[in-house]
Structure formats: C-alpha cells, structure tokens
Amino acid sequence: LWDEYCSFWKNVIIYENIYDNLFSTLFGFVAALEVRDLYTRKHSTRVAQYAHLIAAEMDCTEKELDVINFAGSLHDIGKIGIRDDILLKPGKLTDDEYEKIKEHPVIGAEIISKMGLWEEETEIIRHHHERYDGRGYPDGLKGHEIPKLSRILSVADCYDAMASDRSYRAKMEKNIVLDIIRENSGTQFDSEVVDAFFRISDHEL
C-alpha cells in the first residue's frame with residue numbers, strides 16, 4: 001500500500017512538471033511574439049483580463065473562468081507564424097496580406113493542439129475571430145455555433161485592439177471604441193456579451 005501511495009504521488013509530481021513545462025513553452029512563444037511586435041505587448045494579458053471580467057459578469061463557472069484566462073492569454077499565439085513584413089506593416093494590408101493574417105487563429109489552435117491537453121482552449125482560440133452574423137473566420141460559424149467563450153473573447157480582443165496603439169494607427173478614444181462595439185452588437189458580436197461588457201466597461205485593469 002505504501003508503494004502504491006508513493007507511486008501515485010510520484011506520478012502527480014511528474015504530471016505537474018510536464019504541465020508547468022508546457023505552460024512555460026507556450027508563454028515563451030507569447031513573449032517572443034511581443035518582442036517582435038511592440039504594439040501588441042501586453043495585449044494578450046489585457047484581453048485575458050477583460051474576457052475574465054465579462055465571463056464573471058455572465059456568471060460563467062470557475063472552470064470557464066480558468067479556460068478564458070488561458071485562451072485569452074494565448075489567443076494570438078498563432079501570429080508567431082506570420083511574417084514580419086505583414087505582421088509589422090505600418091500601412092494598409094493588401095488583400096493577400098490580410099488573408100495571411102487571418103490564418104493566425106488556425107495556426108494558434110494547431111500549436112495548442114500539439115500539446116495534447118487543452119481541447120476546449122484550442123477550440124476557443126480557433127474561433128475568436130468568428131462573427132455572430134456568420135461573416136467571420138476561419139470557419140464562418142454563426143450565432144451560438146460559436147463557442148460562448150470565443151464570443152466573449154471576441155469582444156475583449158476587439159476592444160483592446162481598438163483602444164491600443166498599433167503600427168498602422170494610433171489608439172482610438174474610449175468613447176469611440178464603445179460606440180463601435182455598441183453599433184456592432186448583434187452583427188459582429190453576441191448582444192448578450194456586449195451587454196455584459198458594458199456593465200464592466202468602467203473597470204480599471
């Protein structure tokens with residue numbers, strides 16, 4: 001019995017070490033991406049925090065809150081596979097360049113899936129650029145076909161993207177960003193998520 005007890009805890013420790021190493025590897029990718037692109041530095045951290053606030057406001061479970069933290073922190077990891085001349089381009093992207101940028105959710109999902117542990121997180125990352133009206137990418141999912149946490153992540157991601165400096169434009173004023181999100185409720189965004197977002201929009205991170 002003692003041997004079984006020791007073996008059990010040895011396996012737990014090994015599993016935790018593997019899990020920690022996988023986390024370190026993934027967040028190392030994010031750090032490498034942020035070094036490449038100064039404009040998106042800390043973007044993923046802020047998106048994860050906004051998404052967590054929205055999810056908590058929508059009474060998501062503790063498990064869902066953990067999942068949204070992970071997925072939010074790694075949602076742009078696929079941009080590690082986008083060439084610098086596209087990712088860092090200071091001007092307007094060509095149609096071909098935009099198509100390349102649109103590959104990042106799929107690349108990110110493939111990176112996470114290779115780790116073999118986070119199926120739900122992989123799905124959320126893949127679909128965080130879907131639109132509620134079905135005109136998003138990569139799969140053109142519509143309405144509640146889009147995972148709930150992806151719908152939450154979409155609002156958090158778009159808010160921070162517009163409210164932050166980018167290589168191709170200065171950050172937008174908060175009231176303008178809020179107006180854009182409100183105007184796109186029910187088309188680009190799930191209206192329930194938008195309602196929850198506006199209830200927490202005054203929170204300081």
If you stretched the chain out fully between Thr94 and Arg36, how much longer would it get, using 0.36 nm times the residue separation minus the C-alpha to C-alpha distance?
18.8 nm
Evaluate E = 1/(1 + (r/R0)^6) for Lys114 and Ser24, where r is the Cβ-Cβ distance and R0 equals 22 Å; express this FRET efficiency to the nearest 0.05.
0.90
Using θ = phi - 60° and the Karplus relation 6.51 cos²θ - 1.76 cosθ + 1.60, list the HN-Hα couplings for region 142-155 in order, rounded to whole Hz, with x at every Gly or Pro.
10, x, 7, 5, 6, x, 3, 5, 5, 5, 5, 4, 4, 5
Distance histogram for region 61-205 (every C-alpha pair counted, 5 angstrom bins, percent rounded to whole numbers)
2, 10, 17, 21, 23, 17, 9, 2, 0
Find how much the distance from Arg169 to Ser201 grows on full extension, using 0.36 nm per residue of separation minus their present alpha carbon separation; answer in nm with one decimal.
9.3 nm
Packing-ranked peptide list from 60-70, 166-176, highest mean Cβ count within 10 angstrom first, is 60-70, 166-176
Given H placed on each backbone N at 1.01 Å, which residues far from Arg166 in sequence or on other chains put an amide H within less than 5 Å of it?
Lys171
Per-residue HN-Hα couplings for region 52-60 [Karplus 6.51, -1.76, 1.60; θ = phi - 60°; Hz; x = Gly/Pro]:
5, 4, 5, 4, 5, 5, 8, 6, 5
What is the calculated FRET efficiency for Arg83 to Thr61, with r their C-beta to C-beta distance and R₀ = 41 Å, to the nearest 0.05?
0.55
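We did not get these values from a lab; they are worked out from the coordinates using the rules stated. As the structure is a computational prediction, the values presented were derived from the model and not from experiment. Neighbour counts run over all protein chains shown; Cβ positions are idealised from the backbone, glycine included.
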